[in-house]
Amino acid sequence: VSRSALQQWRSNGVPVTRAADVDRVRELSEVFLRKFIPVRVPQIVRTPGTGLGGKSVLEVIAESGVEPVYAYLERLFAYMPH
């Protein structure tokens, strides 16, 4: 989403055609805040990862949506104690 589009969304609301996408990204951000130290999240989502094919979380979301990121997180935390 471009900066100008974001500014329009803040003024006029999120377009109906994008509302579901925005909700999914918001939900994913909440997962990141629960699973990681919050101040580290910006660095984590911008850093390319081998589990994401050398792409960052933000790149994967832009290209393929949130589902591949959820799958990545599931693999990442599958071996960690809860």
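For region 13-29, the candidate set comprises residues that are open to solvent by less than 80 Å² (accessible area, probe 1.4 Å) and not hydrophobic (A, V, I, L, M, F, W, C); within that set, the residue that is farthest from Ala71 (Cα to Cα) is Gly13. Quick one: is Arg40 among the charged types (D, E, K, R), within 22 Å of Glu63 (Cα to Cα) and surrounded by fewer than 13 Cβ atoms within 10 Å (Cβ to Cβ)? No: the conditions fail for Arg40. Within the set Arg46, Arg10, the sole residue that is within 11 Å of the chain's Cα centre (by Cα) and open to solvent by 100 Å² or more (accessible area, probe 1.4 Å) turns out to be Arg46. Residue count for region 1-57, restricted to those that are in a helix (DSSP H, G or I) and farther than 13 Å from Tyr72 by Cβ: 33.
The values are calculated or read from the model by the stated rules, or taken from the named source; none is laboratory data. Worth saying up front: this structure is predicted, and the values here are computed from it rather than measured. All Cβ positions, even for glycine, are placed from backbone atoms using ideal geometry, and neighbour counts span all protein chains on display. The protein model used for the area step is the full one, side chains on, heavy atoms only, and it has no ligands, DNA or RNA in it. Shrake-Rupley method; radii C 1.70, N 1.55, O 1.52, S 1.80 Å.
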